[in-house]
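Have a look at the structure below before the remarks.
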There are 2 protein chains.
Amino acid sequence: MLEQRIRHTGLRSRIVSAEEAQQWVKDGMTIAVSGFTKSGDAKAVLQALAKRVEQTGDKLRINLYSGASLGETDTILCEQQIIARRLPYQSEPRLRKSINLGEVQYTDQHLSHTAELLRSGCLGDIDLAIIEATAITETGGIIPTSSVGNSPIFVERAKRVIVEINLNTPIEFEGLHDIYLPKDRPNRLPIPITKVSDRIGTPDIPCNPDKIIGIVLSRHTDTPSNIVPADRDTQRMAEYILDFFEHEVRHGRLPHNLAPLQSGVGSVSNAVLSGLCNAPFENLEIYTEVMQDAVFELFQSGKVAFASASSFTLSKSMTEHVNASLSKYREKIILRPQEISNHPEVVRRLGVIAINTALEVDIYGNVNSTHVSGTHMMNGIGGSGDFARNAALTIFVTKSIAKDGRISSIVPFVTHVDHSEHDVDIVVTEQGIADLRGLAPRERATVMIEKLAHPFYKDELLYYFNRALTYGGHTPHILEEALSWHKRFADTGDMRQFRGLADVVGRDRRISSHTGRSIKGISRPL
Amino acid sequence: MLEQRIRHTGLRSRIVSAEEAQQWVKDGMTIAVSGFTKSGDAKAVLQALAKRVEQTGDKLRINLYSGASLGETDTILCEQQIIARRLPYQSEPRLRKSINLGEVQYTDQHLSHTAELLRSGCLGDIDLAIIEATAITETGGIIPTSSVGNSPIFVERAKRVIVEINLNTPIEFEGLHDIYLPKDRPNRLPIPITKVSDRIGTPDIPCNPDKIIGIVLSRHTDTPSNIVPADRDTQRMAEYILDFFEHEVRHGRLPHNLAPLQSGVGSVSNAVLSGLCNAPFENLEIYTEVMQDAVFELFQSGKVAFASASSFTLSKSMTEHVNASLSKYREKIILRPQEISNHPEVVRRLGVIAINTALEVDIYGNVNSTHVSGTHMMNGIGGSGDFARNAALTIFVTKSIAKDGRISSIVPFVTHVDHSEHDVDIVVTEQGIADLRGLAPRERATVMIEKLAHPFYKDELLYYFNRALTYGGHTPHILEEALSWHKRFADTGDMRQFRGLADVVGRDRRISSHTGRSIKGISRPL
């Protein structure tokens, strides 16, 4: 058994317990760990560290770098105030709280950028990398588990490495991964991926065995994903997108097998992919950062030919199915480093269709993906920018309202911009779908309000836009009101100004001419 | 003479006057023209069209697509209200006015994106392309003049083509250009540029001669650039950047020949490049979208080994020098399609250093490049986003104040976001240089205010930031005040709230701890 898991004979003597290994972590260190969307994250050593700190009361603070979100390890470390700095992504409520209190310095990064920033030297040295693995090869190569993330660059650049061999992971993970790191400049070459299914690297992460200071055997399991099942609204949004795909195919703007699909984590993206099981598209391809349950439903329905990502994030039952079928899926799936799954070069070459979730969108198409009320971090930008900027077709989805209608997701002015108007093609709510491609801002506002706003807010958005037009400009706004909806929500618990607005401005519901010259009967701001 | 300029014998019979050619332009057409930063723009036919409209009073509106800004043609067309829709960039005051009045629908695009959007079909068909050329080859290939821009994709996709042979351009332009268009998907391959000097295409734009319906002989000249000479402030900003380069080289984060440089149009960028003439870096390379005078000063000082761009934008005297020396420069210069000069794939592979100008930057590092007061378009995002997102090092420059101090370029909250905090590494004003790499928002705010703000505004920014901290959040803000500086400027002509603020909050000048927990003596917002 151990012979299969640690094939480099010299390394077998380096097995230590998690409790022993955690002692290598010292105050002030930069620790880089495997893990992406709570998958394949190194769990044993850092959790043992937290336990030590809890028991001894030691003061110890580290910089913690990862691929993307970790599971409960982020929470456990945060409870012991061990994390001083965190990047590039997180999604745990406890850590989020510390970030928003300013207790943890969080650097929210495009997920394809972290490797480059490490190479540039501006994120400092990595003292220790802790990598969850299925096995170690004869030469010291590390075979990852359910995610690749940033592990290859971490292993390459770390001074020392601890490997957590997870005995609960099927050995059949081997051969699923494709590890490729761009060379340092000026010797960098094109990334030779021209098809989703191209394998360009090695099945393991090359590692000098001398760097591996310890091997921990673990049996932790990944935190299972718990996707909220599609409700009527998310179902409707998925239908809009599927109808739009059919429309684009009919007009010759998309081929019959669409284009490689990227979908962010979330119930709408999952519902879109599930909907494809019964849609008239065949031989679909997935080029994304994370595979949710729906990707495997598509495999089961025979609709998808190949899928590439950097990790799985699956429910408990789907994990069992996939783990039991890895030797079958291995021919149809690749897990890549996030630098490659999200690389602008590849995303643009393949012409990906990107579907990601917005927190709020303004009437001109600017998207806030991260900051509640412009100030409080939710999770992070993740890979949404890598895909949105470079995709052939960029779609953002959001329900038109939140908190029983007290919040509108379509607002005059977003409180934080993660994706600017230049990077947003299509926006979808349960009210409809807005095609912004090629439109100027005033045209976009018209479409956004008409198609996407909830009836609770449509009149108020029109009221804002029509009055903003009187101020003129390429992107008309009333600066003193632009953020007033969010302020009103903070003060009153409801973004709405007038409940009976339709009566007040009933005659102005028709959107004014775009010219800004034929606006009648609209008074200046109150 | 004409034999040299029109080598395809069958095409010589298609010579027409500009007055004849303009009649092919019909109401409602989409016209695509050569031209990038007022260089190599097709001038004859559209100016003849404007003259006809002026003389006849005909009503005629067109969609006008280009590479980037045109010279006076944009103004002349706009005066006759001929432009209904314009993309992807402009910089003429008259057109800007019409855009801000909503009379022209302007779609401001990343300059590398237009070709892709044309391929996707969402910008409609191109009825007519009008391309300025040095010559037409034996097979109908079009040899551009002082810019390439979007001409290759326009020629490929247009139903019909008019060529304006500019007899004033030196025939030695031939061999300077490198025309390469990515193939349509799914057959797209990597762009095989691994060095700035790689030639990957043809010297001419391939064109089916049957598509060329007319050839106009012209003698128009490009609008010369008039870069504002460096003043004390821009000089100082250039020095900060050069010192920073030396610092990075000393710390091993940049090689001795730096990295391929991109610099946007503007006097600071020009001053930085000029400053390199006397800096201790050799064998420099330029990978940019436009070459200003300073690039040729660098050639003259022997500092630069190779330069690649999509156009020249030169002063009158430098134009004369370059035109007279083209056969020498041809070995050291390439002009490429803007899709390639600005391509994320190549920019990231080469690890470009990008220097671009901001209108304003907020304390967290978000950049507004386009919208005055958040509403009024200045020029457009241009290529700044193509470079900023993908460069190895992204620098934005702006003077700390404008209008004699009545405007601060460092503000609590930018009124429009073109480049988010995720894409900005270094910000420079005449006050100093802020290195934001790897910092969390609260840390960035501290550095931005300390290093970059003008003394007129430093206290007010601290006053805002320190009070915002009491509201908490990853990116603390006071929403009802966030845009108040711009509103105050609109109302009073000055962003400053307190002229004697130092007295009021003197003891609070020290920046509060990042934790947001140790702020003393600061009252709630007024």
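Just so you know, all these numbers are worked out from the coordinates, no wet-lab data involved. Quick caveat, the model's predicted, so the values are computed rather than measured. Note: ideal-geometry Cβ built from the backbone for every residue, glycine included; neighbour counts use all protein chains shown.
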Of the candidates A:Pro182, A:Leu128, A:Ile193, the farthest towards the positive dipole end of the stretch A:1-218 (Lys/Arg Cβ +1, Asp/Glu Cβ -1, centred on the Cα centre) is A:Pro182
Taking A:104-114, A:276-286 and ranking on average Cβ neighbours within 10 Å, highest first, one gets A:104-114, A:276-286
In this structure, among B:Lys159/B:Lys328; A:Lys43/A:Lys195; B:Lys403/B:Lys487; A:Lys26/A:Lys51, pairs with alpha-carbon gaps over 25 Å are B:Lys159/B:Lys328; A:Lys43/A:Lys195
Mean projected area, convex hull of alpha-carbon positions in chain B, reported to one decimal in nm², is 25.3
Rg/Rh of the protein assembly as shown (Cα atoms, Kirkwood Rh), to two decimals, equals 0.96
Between the Cα axis of helix B:455-469 and the main Cα principal axis of chain B, the angle (0 to 90°, nearest 10) is 70
Helix A:441-452 sits off the longest principal axis of the Cα atoms of chain A, rounded to the nearest 10 on a 0 to 90 degree scale, by 80
Label points for A:Arg199 built 7 Å along Cα→Cβ; distances to same position in the other copies, nm, shortest first, come to 4.0
Rounded to whole angstrom, the alpha-carbon centroid of the stretch B:444-496 lies from that of the stretch B:224-285 at a distance of 30
From fewest to most C-beta neighbours within 10 Å, the residues B:Asp222, A:Asp362 line up as A:Asp362, B:Asp222
Rg from C-alpha atoms of the stretch A:34-135, normalised by the globular rule of thumb 2.2 N^0.38 Å, equals 1.03
Taking the label point 7 Å from Cα along the Cα-Cβ vector, the copy-to-copy distances for A:His321, listed from shortest in nm with one decimal, are 6.9
HN-Hα couplings for the stretch A:270-286 via Karplus (6.51, -1.76, 1.60; θ = phi - 60°), in whole Hz with x for Gly/Pro, come out as 4, 5, 4, 5, 4, x, 5, 4, 10, 9, x, 10, 10, 6, 5, 10, 10
Which residues qualify? For A:Tyr287, with a placed amide H closer than 5 Å and at least 5 residues away or on another chain, they are A:Leu261, A:Gln262, A:Ser308
HN-Hα couplings for the stretch A:121-128 via Karplus (6.51, -1.76, 1.60; θ = phi - 60°), in whole Hz with x for Gly/Pro, come out as x, 8, 9, x, 8, 9, 6, 8
Taking only the alpha carbons of the stretch A:1-218, the radius of gyration and the largest Cα-Cα distance, Dmax, both in angstrom, are 16.8, 54
Across A:476-489, the residue-averaged tally of Cβ atoms belonging to other chains within 10 Å stands at 5
Taking only the alpha carbons of the stretch B:126-243, the radius of gyration and the largest Cα-Cα distance, Dmax, both in angstrom, are 18.4, 56
The stretch B:158-221 -> Rg/Rh from Cα coords, Kirkwood Rh, value 1.05
In nm, the gap between the two label points placed 7 Å beyond Cα toward Cβ at B:Glu282 and A:Glu480 is 6.3
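What is the average number of partner chain Cβ atoms found within 10 Å of a Cβ in A:418-425?
If you average over the peptide's residues, the count of other-chain Cβ atoms is 5.
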To the nearest 20 debye, chain B has a Cα-centred charge dipole, built from +1 on Lys and Arg Cβ and -1 on Asp and Glu Cβ, of 780
The farthest towards the positive end of the charge dipole of the protein assembly as shown, of the residues A:Asn63, B:Ser311, B:Ser301, given +1 on Cβ of Lys and Arg and -1 on Cβ of Asp and Glu, is A:Asn63
Per its Cα gyration tensor (rounded if a/c is under 1.5, else prolate when a/b beats b/c, else oblate), the stretch B:360-464 is best filed as oblate
Toy charge model, Lys and Arg Cβ at +1, Asp and Glu Cβ at -1: the stretch A:97-160 dipole around Cα centroid in debye, rounded to 20, equals 40
Across the alpha-carbon set of the stretch B:232-483, Rg over Rh with Rh taken as the Kirkwood radius works out to 0.99
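Excluding A:Gly141 itself, what net charge comes from residues whose Cβ is under 11 Å from its Cβ, given Lys and Arg +1 and Asp and Glu -1? Write out the running numbers ahead of the final one.
Working: positive: A:Arg7; negative: A:Glu138, A:Glu174, A:Asp204.
Every neighbour counted, the sum reads -2.
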antiparallel share of DSSP beta bridges within the protein assembly as shown, to nearest 5, in %, is 25
Out of B:Cys277, B:Ser13, A:Gly383 - ranked by how far each Cα lies towards the positive end of the dipole of the protein assembly as shown, with unit charges on the beta-carbon of charged residues - the top one is A:Gly383
Mean other chain Cβ within 10 Å across B:183-190 is 5
One would report the Cα pair-distance distribution of the stretch A:80-174, bin width 5 Å, in %, as 3, 11, 19, 19, 19, 17, 9, 3, 1, 0
Checking rank on A:295-301, A:88-94, with mean other Cβ inside 10 Å and highest first, the result is A:88-94, A:295-301
For A:Val414, other-chain or 5+-apart residues with amide H closer than 5 Å (H placed, Pro excluded) are A:Asp362
Here the percent of antiparallel bridges among DSSP beta bridges lying wholly in chain A, to the nearest 5, is 25
Note, the stretch B:351-357: 3J(HN,Hα) by Karplus (6.51, -1.76, 1.60, θ = phi - 60°), whole Hz, Gly/Pro = x, goes x, 5, 9, 10, 10, 9, 9
If amide H atoms are modeled at 1.01 Å from N in the peptide plane, then the residues at a separation of 5 or more from A:Ala133, or on another chain, having amide H under 5 Å from its own are A:Glu164, A:Ile165, A:Asn166
Taking the label point 7 Å from Cα along the Cα-Cβ vector, the copy-to-copy distances for A:Gly472, listed from shortest in nm with one decimal, are 4.5
